[in-house]
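The numbers here are math on the coordinates, done by the rules we state, and not lab data. For clarity, every value in this text was computed on a predicted model and none was experimentally measured.
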Amino acid sequence: MLEESQSGLPDFQTSMLQDLLRGRRLEHDALNGAVVRAAARAGVAVPVNRVLVALLARLDPAAR
């Protein structure tokens, strides 16, 4: 499935990748950050989303 997806959209770039390449602020907090905040309110663990938020925050040009 992954191989088919890659061959079907070889030049496709996500909006977040486009923002990163252009030095724009990333939308990670609005996406994964919202999941982390909602999960915290509900008392649900979302470790993968927490890691994504932390990693993307380090890449975010707005954080530099």
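Data overview
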item	result
Alpha-carbon radius of gyration plus Dmax, which is the widest Cα pair, for the chain in Å	14.3, 40
Length released on extending from Asp29 to Arg41, taking residue separation times 0.36 nm less the Cα-Cα span	2.7 nm
Degrees between helix 47-59 axis and first principal axis of the chain (Cα, 0 to 90, nearest 10)	60 degrees
